[in-house]
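The structure under discussion appears below in the form of C-alpha coordinates.
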Amino acid sequence: MHYDTIIIGAGTMGMAAGYFLAKQGKSVLLLDAFNPPHDQGSHHGETRIIRFAYGEGKAYVPLALRALDLWQELEKISGKQLFLKTGVLNIGSKDHSFIQNVIESAKDFNLSVDVYSAQEVNKKWPGIMLPEGFIGCFEPSAGVLRVEACIDAYKTAALSEGATLKTNTRVVKIVPGEKVSVHTEEEVFIADSIIISAGARVNDILKSVDLTLPITPLRKTFAWFNADEAVYGSHFPAFTYEDENSSYYGFPSIDGAGFKVGRHDTGDEVSPDDVIREFDEADATELVQFNEKIMHQVGTLKYGKTCFYSKTPDEDFIIDSHPFHDNIYIAAGFSGHGFKFGSVIGEILSQLVLNGKSELDISLFKLMRF
Ligand SMILES: Cc1cc2nc3c(=O)[nH]c(=O)nc-3n(C[C@H](O)[C@H](O)[C@H](O)COP(=O)(O)OP(=O)(O)OC[C@H]3O[C@@H](n4cnc5c(N)ncnc54)[C@H](O)[C@@H]3O)c2cc1C
(Lines give C-alpha, C1' and ligand atoms only; values in the text may rest on other atoms or scores of the structure.)
Protein backbone atom coordinates (compact mmCIF):
# COMPACT_ATOMS: atom_id res chain seq x y z
CA MET A 1 0.00 0.00 0.00
CA HIS A 2 1.34 3.48 -0.89
CA TYR A 3 1.38 6.58 1.39
CA ASP A 4 2.76 10.10 1.06
CA THR A 5 4.66 9.65 4.33
CA ILE A 6 5.26 6.73 6.69
CA ILE A 7 6.29 7.52 10.25
CA ILE A 8 8.26 4.83 12.07
CA GLY A 9 7.70 5.29 15.79
CA ALA A 10 4.44 7.00 16.82
CA GLY A 11 5.70 8.26 20.17
CA THR A 12 6.42 11.81 21.27
CA MET A 13 7.78 13.17 18.00
CA GLY A 14 6.20 10.76 15.53
CA MET A 15 2.61 11.12 16.68
CA ALA A 16 2.80 14.93 16.53
CA ALA A 17 4.38 14.81 13.05
CA GLY A 18 1.59 12.48 11.92
CA TYR A 19 -1.00 14.99 13.06
CA PHE A 20 0.62 17.97 11.30
CA LEU A 21 1.07 16.06 8.02
CA ALA A 22 -2.45 14.58 8.02
CA LYS A 23 -3.90 18.02 8.81
CA GLN A 24 -2.29 19.28 5.61
CA GLY A 25 -4.02 16.63 3.56
CA LYS A 26 -1.17 14.12 3.27
CA SER A 27 -1.80 10.39 3.43
CA VAL A 28 0.11 9.25 6.52
CA LEU A 29 0.82 5.82 7.98
CA LEU A 30 2.07 5.73 11.58
CA LEU A 31 3.73 2.46 12.64
CA ASP A 32 4.59 1.63 16.23
CA ALA A 33 6.06 -1.47 17.84
CA PHE A 34 3.73 -0.94 20.85
CA ASN A 35 0.44 0.91 21.46
CA PRO A 36 1.25 4.57 22.27
CA PRO A 37 1.08 6.00 24.83
CA HIS A 38 2.90 3.04 26.45
CA ASP A 39 5.62 2.40 29.02
CA GLN A 40 8.19 0.74 26.73
CA GLY A 41 9.94 3.88 25.48
CA SER A 42 10.59 7.42 26.74
CA HIS A 43 7.08 8.86 27.16
CA HIS A 44 5.55 7.51 30.36
CA GLY A 45 5.48 8.56 34.01
CA GLU A 46 2.62 11.12 34.13
CA THR A 47 4.64 14.35 33.95
CA ARG A 48 7.30 16.24 31.98
CA ILE A 49 8.75 19.69 32.67
CA ILE A 50 8.39 22.49 30.13
CA ARG A 51 10.57 25.58 30.69
CA PHE A 52 11.62 28.43 28.41
CA ALA A 53 14.67 30.18 29.96
CA TYR A 54 16.72 27.24 28.83
CA GLY A 55 19.64 25.88 30.81
CA GLU A 56 20.82 23.72 27.90
CA GLY A 57 21.35 26.81 25.74
CA LYS A 58 19.44 29.78 24.40
CA ALA A 59 19.13 28.33 20.88
CA TYR A 60 16.29 26.23 22.33
CA VAL A 61 14.21 29.20 23.55
CA PRO A 62 12.24 29.96 20.32
CA LEU A 63 11.46 26.25 20.01
CA ALA A 64 10.21 26.01 23.61
CA LEU A 65 8.00 29.10 23.19
CA ARG A 66 6.46 27.79 19.98
CA ALA A 67 6.03 24.37 21.63
CA LEU A 68 3.88 25.85 24.38
CA ASP A 69 1.64 27.63 21.83
CA LEU A 70 1.14 24.32 20.06
CA TRP A 71 0.46 22.38 23.30
CA GLN A 72 -2.17 24.99 24.14
CA GLU A 73 -3.65 24.64 20.66
CA LEU A 74 -3.81 20.89 21.27
CA GLU A 75 -5.63 21.53 24.56
CA LYS A 76 -8.31 23.37 22.57
CA ILE A 77 -8.56 20.63 19.93
CA SER A 78 -8.76 17.83 22.50
CA GLY A 79 -10.71 19.62 25.21
CA LYS A 80 -8.19 18.20 27.72
CA GLN A 81 -5.91 20.04 30.14
CA LEU A 82 -2.36 19.09 29.12
CA PHE A 83 -0.30 21.94 30.65
CA LEU A 84 -0.19 22.87 34.35
CA LYS A 85 1.40 26.26 35.04
CA THR A 86 3.19 25.29 38.26
CA GLY A 87 6.24 27.46 37.57
CA VAL A 88 9.72 25.89 37.38
CA LEU A 89 12.52 26.59 39.85
CA ASN A 90 16.02 26.07 38.40
CA ILE A 91 18.38 25.42 41.32
CA GLY A 92 22.17 25.48 41.15
CA SER A 93 25.33 27.22 42.21
CA LYS A 94 25.50 30.79 40.91
CA ASP A 95 28.24 30.09 38.37
CA HIS A 96 27.00 26.74 37.11
CA SER A 97 26.77 26.92 33.28
CA PHE A 98 23.14 25.68 33.34
CA ILE A 99 22.10 28.49 35.71
CA GLN A 100 24.08 31.04 33.69
CA ASN A 101 22.26 29.88 30.55
CA VAL A 102 18.88 30.25 32.31
CA ILE A 103 19.70 33.84 33.28
CA GLU A 104 21.10 34.71 29.84
CA SER A 105 18.15 33.15 27.98
CA ALA A 106 15.75 35.12 30.17
CA LYS A 107 17.62 38.35 29.45
CA ASP A 108 17.94 37.80 25.71
CA PHE A 109 14.32 36.78 25.20
CA ASN A 110 12.78 39.05 27.81
CA LEU A 111 11.39 36.12 29.82
CA SER A 112 10.24 36.65 33.37
CA VAL A 113 12.61 34.85 35.78
CA ASP A 114 12.98 35.73 39.48
CA VAL A 115 16.39 35.03 40.98
CA TYR A 116 16.40 34.08 44.69
CA SER A 117 19.25 33.43 47.14
CA ALA A 118 19.34 30.07 48.97
CA GLN A 119 17.87 31.73 52.04
CA GLU A 120 15.04 33.28 50.03
CA VAL A 121 14.25 29.95 48.35
CA ASN A 122 14.16 28.16 51.71
CA LYS A 123 11.79 30.77 53.10
CA LYS A 124 9.47 30.89 50.06
CA TRP A 125 9.27 27.08 49.71
CA PRO A 126 9.77 25.49 53.16
CA GLY A 127 9.97 22.03 51.56
CA ILE A 128 13.38 23.00 50.10
CA MET A 129 16.63 23.26 52.07
CA LEU A 130 19.38 24.81 49.92
CA PRO A 131 22.90 25.26 51.27
CA GLU A 132 24.69 28.62 51.04
CA GLY A 133 26.10 29.38 47.57
CA PHE A 134 23.06 28.03 45.69
CA ILE A 135 20.48 30.19 43.95
CA GLY A 136 17.03 29.51 42.53
CA CYS A 137 15.81 30.95 39.22
CA PHE A 138 12.02 30.79 39.25
CA GLU A 139 10.17 30.94 35.94
CA PRO A 140 6.48 31.45 36.75
CA SER A 141 5.16 30.84 33.21
CA ALA A 142 6.80 27.39 32.98
CA GLY A 143 5.24 24.18 34.25
CA VAL A 144 4.31 20.58 33.67
CA LEU A 145 2.89 18.62 30.75
CA ARG A 146 0.75 15.53 31.30
CA VAL A 147 2.85 13.25 29.14
CA GLU A 148 0.55 10.34 28.25
CA ALA A 149 -2.42 12.71 27.77
CA CYS A 150 -0.36 14.76 25.28
CA ILE A 151 0.45 11.68 23.16
CA ASP A 152 -3.12 10.49 23.39
CA ALA A 153 -4.41 13.90 22.28
CA TYR A 154 -2.11 13.95 19.20
CA LYS A 155 -3.16 10.36 18.45
CA THR A 156 -6.87 11.27 18.46
CA ALA A 157 -6.17 14.42 16.44
CA ALA A 158 -4.04 12.58 13.85
CA LEU A 159 -6.67 9.86 13.40
CA SER A 160 -9.45 12.40 13.03
CA GLU A 161 -7.41 14.16 10.31
CA GLY A 162 -7.30 10.83 8.44
CA ALA A 163 -3.92 9.35 9.44
CA THR A 164 -3.69 5.55 9.72
CA LEU A 165 -2.05 4.08 12.84
CA LYS A 166 -0.87 0.48 13.07
CA THR A 167 0.04 -0.45 16.64
CA ASN A 168 2.04 -3.50 17.81
CA THR A 169 3.71 -3.37 14.40
CA ARG A 170 7.49 -3.39 14.52
CA VAL A 171 9.45 -2.12 11.52
CA VAL A 172 12.33 -4.48 10.79
CA LYS A 173 13.84 -3.01 7.63
CA ILE A 174 13.66 -0.10 5.22
CA VAL A 175 14.78 -0.06 1.61
CA PRO A 176 15.69 3.42 0.32
CA GLY A 177 14.91 4.75 -3.15
CA GLU A 178 12.69 7.29 -4.89
CA LYS A 179 9.92 5.35 -3.13
CA VAL A 180 10.92 3.96 0.25
CA SER A 181 9.82 0.42 1.24
CA VAL A 182 9.08 -0.11 4.90
CA HIS A 183 9.08 -3.74 6.03
CA THR A 184 7.26 -4.81 9.19
CA GLU A 185 7.35 -8.40 10.48
CA GLU A 186 4.36 -9.20 8.21
CA GLU A 187 3.85 -6.53 5.53
CA VAL A 188 5.61 -4.08 3.23
CA PHE A 189 4.43 -0.46 2.82
CA ILE A 190 5.64 2.11 0.29
CA ALA A 191 5.96 5.89 0.70
CA ASP A 192 7.37 8.96 -1.04
CA SER A 193 9.11 9.92 2.22
CA ILE A 194 9.57 8.50 5.70
CA ILE A 195 10.29 9.87 9.16
CA ILE A 196 12.23 7.68 11.59
CA SER A 197 11.32 8.70 15.14
CA ALA A 198 11.92 5.42 16.95
CA GLY A 199 13.40 6.82 20.18
CA ALA A 200 15.92 4.60 21.95
CA ARG A 201 15.59 1.93 19.22
CA VAL A 202 16.42 4.21 16.27
CA ASN A 203 19.72 2.49 15.40
CA ASP A 204 17.98 -0.90 14.98
CA ILE A 205 16.13 0.60 12.00
CA LEU A 206 18.99 2.67 10.60
CA LYS A 207 21.13 -0.47 10.24
CA SER A 208 19.28 -1.22 7.01
CA VAL A 209 20.36 2.14 5.52
CA ASP A 210 24.01 1.83 6.62
CA LEU A 211 23.82 4.49 9.31
CA THR A 212 24.62 4.32 13.02
CA LEU A 213 23.89 7.45 15.04
CA PRO A 214 26.04 8.31 18.07
CA ILE A 215 23.12 7.68 20.40
CA THR A 216 23.41 5.77 23.67
CA PRO A 217 20.21 4.28 25.11
CA LEU A 218 20.30 4.73 28.90
CA ARG A 219 18.17 3.09 31.59
CA LYS A 220 16.74 5.88 33.73
CA THR A 221 14.75 5.72 36.95
CA PHE A 222 12.30 7.99 38.74
CA ALA A 223 9.98 7.60 41.71
CA TRP A 224 7.06 9.01 43.64
CA PHE A 225 7.27 9.68 47.39
CA ASN A 226 4.67 10.29 50.06
CA ALA A 227 4.51 14.01 50.73
CA ASP A 228 2.52 16.53 52.73
CA GLU A 229 0.21 18.18 50.18
CA ALA A 230 0.39 21.44 52.15
CA VAL A 231 4.15 21.56 51.42
CA TYR A 232 4.57 19.71 48.10
CA GLY A 233 1.09 20.01 46.52
CA SER A 234 0.47 21.58 43.10
CA HIS A 235 1.38 25.09 44.38
CA PHE A 236 4.98 23.76 44.75
CA PRO A 237 7.09 24.33 41.60
CA ALA A 238 8.54 21.69 39.32
CA PHE A 239 12.33 22.00 39.58
CA THR A 240 15.73 21.26 38.10
CA TYR A 241 18.79 20.92 40.32
CA GLU A 242 22.46 21.09 39.34
CA ASP A 243 25.55 20.80 41.49
CA GLU A 244 29.14 19.91 40.56
CA ASN A 245 28.50 16.17 40.73
CA SER A 246 24.86 15.57 39.96
CA SER A 247 21.72 16.75 38.27
CA TYR A 248 18.14 16.05 39.41
CA TYR A 249 14.62 17.19 38.49
CA GLY A 250 11.26 16.85 40.15
CA PHE A 251 7.57 17.64 40.34
CA PRO A 252 5.00 18.70 42.89
CA SER A 253 2.44 16.16 43.97
CA ILE A 254 -0.18 16.39 41.21
CA ASP A 255 -3.65 14.88 41.74
CA GLY A 256 -2.33 13.47 45.03
CA ALA A 257 0.17 11.23 43.17
CA GLY A 258 3.07 12.11 45.50
CA PHE A 259 6.28 14.11 45.07
CA LYS A 260 8.14 12.82 41.99
CA VAL A 261 11.91 12.98 41.53
CA GLY A 262 14.48 11.59 39.08
CA ARG A 263 18.20 11.90 38.42
CA HIS A 264 19.11 13.44 35.06
CA ASP A 265 22.82 12.66 34.79
CA THR A 266 24.11 9.03 35.04
CA GLY A 267 22.18 5.92 33.88
CA ASP A 268 23.32 2.52 32.62
CA GLU A 269 23.88 1.95 28.91
CA VAL A 270 21.39 -0.73 27.80
CA SER A 271 19.73 -2.45 24.90
CA PRO A 272 16.05 -1.34 25.16
CA ASP A 273 14.64 -4.81 24.48
CA ASP A 274 16.95 -6.50 26.97
CA VAL A 275 16.94 -4.45 30.16
CA ILE A 276 15.90 -4.79 33.78
CA ARG A 277 12.64 -2.84 33.87
CA GLU A 278 12.02 -3.20 37.62
CA PHE A 279 12.89 -0.27 39.86
CA ASP A 280 15.15 -1.70 42.59
CA GLU A 281 16.58 -0.74 45.96
CA ALA A 282 19.77 0.75 44.52
CA ASP A 283 17.63 2.95 42.25
CA ALA A 284 15.74 4.23 45.28
CA THR A 285 18.84 4.97 47.36
CA GLU A 286 20.18 7.92 45.35
CA LEU A 287 16.74 9.55 45.13
CA VAL A 288 16.18 9.15 48.88
CA GLN A 289 19.62 10.69 49.53
CA PHE A 290 18.77 13.66 47.31
CA ASN A 291 15.48 14.21 49.14
CA GLU A 292 17.16 13.99 52.54
CA LYS A 293 19.69 16.61 51.47
CA ILE A 294 17.49 19.11 49.57
CA MET A 295 13.77 18.19 49.77
CA HIS A 296 13.97 17.47 53.47
CA GLN A 297 10.25 17.13 54.23
CA VAL A 298 9.53 14.47 51.60
CA GLY A 299 8.30 11.18 53.08
CA THR A 300 8.82 7.52 52.22
CA LEU A 301 9.02 5.91 48.77
CA LYS A 302 5.69 5.01 47.14
CA TYR A 303 7.00 3.35 43.96
CA GLY A 304 9.44 3.87 41.13
CA LYS A 305 9.65 3.19 37.39
CA THR A 306 12.24 2.91 34.64
CA CYS A 307 12.39 4.63 31.25
CA PHE A 308 14.94 5.34 28.46
CA TYR A 309 16.99 8.35 27.47
CA SER A 310 18.56 8.40 23.97
CA LYS A 311 21.70 10.38 24.66
CA THR A 312 23.88 12.09 22.04
CA PRO A 313 27.49 13.03 22.93
CA ASP A 314 26.62 16.77 23.20
CA GLU A 315 23.04 16.17 24.45
CA ASP A 316 21.67 18.20 21.52
CA PHE A 317 19.05 16.56 19.30
CA ILE A 318 19.39 15.05 15.82
CA ILE A 319 16.80 16.36 13.34
CA ASP A 320 17.97 15.96 9.77
CA SER A 321 17.60 13.98 6.57
CA HIS A 322 19.71 10.90 5.86
CA PRO A 323 23.07 12.02 4.35
CA PHE A 324 22.46 10.03 1.10
CA HIS A 325 18.65 9.72 0.94
CA ASP A 326 16.89 13.04 1.17
CA ASN A 327 13.41 11.53 1.50
CA ILE A 328 14.37 9.80 4.78
CA TYR A 329 14.08 12.13 7.79
CA ILE A 330 15.41 11.34 11.25
CA ALA A 331 14.33 12.78 14.62
CA ALA A 332 16.28 11.19 17.45
CA GLY A 333 18.71 11.63 20.34
CA PHE A 334 16.45 13.77 22.52
CA SER A 335 18.83 13.21 25.44
CA GLY A 336 16.31 13.37 28.27
CA HIS A 337 14.97 16.85 27.49
CA GLY A 338 12.90 16.40 24.34
CA PHE A 339 9.33 15.97 25.49
CA LYS A 340 8.49 19.65 25.93
CA PHE A 341 9.43 20.16 22.25
CA GLY A 342 7.31 17.26 20.95
CA SER A 343 4.63 19.57 19.55
CA VAL A 344 7.03 21.91 17.73
CA ILE A 345 9.21 19.08 16.48
CA GLY A 346 6.11 17.47 14.99
CA GLU A 347 5.43 20.74 13.20
CA ILE A 348 9.08 21.05 12.08
CA LEU A 349 9.13 17.50 10.72
CA SER A 350 6.00 18.22 8.69
CA GLN A 351 7.68 21.34 7.25
CA LEU A 352 10.81 19.36 6.35
CA VAL A 353 8.74 16.75 4.54
CA LEU A 354 6.53 19.28 2.73
CA ASN A 355 8.97 22.16 2.05
CA GLY A 356 12.46 20.71 2.58
CA LYS A 357 13.11 23.31 5.32
CA SER A 358 11.68 24.43 8.64
CA GLU A 359 10.53 27.89 9.72
CA LEU A 360 12.48 27.77 13.01
CA ASP A 361 16.26 27.40 13.11
CA ILE A 362 17.28 23.78 13.62
CA SER A 363 20.90 24.08 12.46
CA LEU A 364 22.07 22.95 15.93
CA PHE A 365 20.60 19.52 15.26
CA LYS A 366 22.46 18.63 12.06
CA LEU A 367 23.80 15.10 11.81
CA MET A 368 27.03 16.26 10.19
CA ARG A 369 28.26 17.86 13.45
CA PHE A 370 29.45 14.40 14.55
C1 LIG B 1 12.41 9.54 33.10
C2 LIG B 1 12.36 10.58 32.02
C3 LIG B 1 12.10 11.91 32.36
C4 LIG B 1 12.07 12.89 31.38
N5 LIG B 1 11.76 14.18 31.73
C6 LIG B 1 11.63 15.12 30.77
C7 LIG B 1 11.15 16.42 31.10
O8 LIG B 1 10.86 16.72 32.26
N9 LIG B 1 11.02 17.33 30.09
C10 LIG B 1 11.31 17.03 28.80
O11 LIG B 1 11.18 17.90 27.94
N12 LIG B 1 11.75 15.79 28.46
C13 LIG B 1 11.88 14.84 29.40
N14 LIG B 1 12.28 13.56 29.07
C15 LIG B 1 12.66 13.26 27.69
C16 LIG B 1 11.51 12.98 26.76
O17 LIG B 1 10.49 12.22 27.39
C18 LIG B 1 12.06 12.28 25.52
O19 LIG B 1 13.12 13.08 24.99
C20 LIG B 1 11.01 12.10 24.45
O21 LIG B 1 9.88 11.44 24.96
C22 LIG B 1 11.61 11.29 23.31
O23 LIG B 1 10.66 11.15 22.28
P24 LIG B 1 10.86 10.09 21.09
O25 LIG B 1 9.75 10.33 20.15
O26 LIG B 1 12.26 10.15 20.61
O27 LIG B 1 10.71 8.66 21.80
P28 LIG B 1 9.38 7.86 22.21
O29 LIG B 1 8.35 8.79 22.73
O30 LIG B 1 9.82 6.73 23.08
O31 LIG B 1 8.85 7.30 20.83
C32 LIG B 1 9.53 6.34 20.07
C33 LIG B 1 8.51 5.37 19.53
O34 LIG B 1 9.13 4.54 18.55
C35 LIG B 1 8.57 3.25 18.65
N36 LIG B 1 9.47 2.28 18.00
C37 LIG B 1 10.73 1.96 18.37
N38 LIG B 1 11.25 1.04 17.52
C39 LIG B 1 10.30 0.78 16.59
C40 LIG B 1 10.23 -0.08 15.46
N41 LIG B 1 11.26 -0.86 15.10
N42 LIG B 1 9.09 -0.10 14.74
C43 LIG B 1 8.02 0.68 15.09
N44 LIG B 1 8.04 1.51 16.15
C45 LIG B 1 9.16 1.57 16.90
C46 LIG B 1 8.40 3.07 20.15
O47 LIG B 1 7.47 2.05 20.47
C48 LIG B 1 7.97 4.44 20.61
O49 LIG B 1 6.55 4.54 20.69
C50 LIG B 1 12.32 12.55 30.03
C51 LIG B 1 12.57 11.22 29.69
C52 LIG B 1 12.58 10.25 30.66
C53 LIG B 1 12.85 8.81 30.28
Filter region 156-184 for residues that are charged (D, E, K, R) and within 11 Å of the ligand (Cβ to nearest atom); which is nearest to residue 330 (Cα to Cα)?
173
Could you please find all residues in region 127-162 being open to solvent by less than 10 Å² (accessible area, probe 1.4 Å) and closer than 18 Å to residue 24 by Cβ?
154, 157, 158
State which residue is most open to solvent (accessible area, probe 1.4 Å) when the search covers only region 35-55 and only residues that are part of a strand (DSSP E or B) and within 6 Å of the ligand (Cβ to nearest atom).
48
Going by the conditions given, is residue 3 closer than 17 Å to residue 319 by Cα and touching a Phe, Trp or Tyr at 6+ places or on another chain (Cβ under 7 Å)?
no
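Restricting the search to region 337-360, which residues are outside any helix (DSSP H, G or I) and farther than 20 Å from residue 26 by Cβ?
337, 338, 360
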Among 298, 270, which is touching a residue at least 12 places away in the same chain (Cβ under 8 Å), closer than 19 Å to residue 199 by Cα, open to solvent by 20 Å² or more (accessible area, probe 1.4 Å) and in the same structural domain as residue 221 (by TED's automatic domain parsing)?
270
Is it the case that region 185-193 has a residue that's farther than 24 Å from residue 325 by Cα and either modelled with pLDDT of 95 or more or more than 11 Å from the ligand (Cβ to nearest atom) (or both)?
yes
Based on what the data block shows, is residue 243 touching a residue at least 24 places away in the same chain (Cβ under 8 Å) and buried (at least 16 other Cβ atoms within 10 Å of the Cβ)?
yes
Please enumerate the residues belonging to region 96-142 that are without any contact (Cβ under 8 Å) to a residue 24 or more places away in the chain and part of a loop (DSSP other than H, G, I, E, B).
110, 131, 132
For the structure I just gave you, tell me whether residue 118 is hydrophobic (A, V, I, L, M, F, W, C), at pLDDT 95 or above and in the same structural domain as residue 272 (by TED's automatic domain parsing).
yes
Among (1) more than 6 Å from the ligand (Cβ to nearest atom); (2) of a type in the set (D, E, K, R); (3) outside any helix (DSSP H, G or I), which single condition is residue 69 missing?
(3)
Could you tell me whether any residue of region 164-173 is farther than 18 Å from residue 8 by Cα and either in the same structural domain as residue 106 (by TED's automatic domain parsing) or out of contact with any strand residue (DSSP E or B) (no Cβ under 6 Å at 6 or more places or on another chain) (or both)?
no
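The values are calculated or read from the model by the stated rules, or taken from the named source; none is laboratory data. Remember, it's a predicted structure, so these values are computed and weren't measured experimentally. Glycine also receives a Cβ, built like all others from the backbone with ideal geometry; neighbour counts cover every protein chain displayed. To get the accessible areas, we keep the full protein, side chains included, count just its heavy atoms, and leave off ligands, DNA and RNA. Shrake-Rupley method; radii C 1.70, N 1.55, O 1.52, S 1.80 Å.
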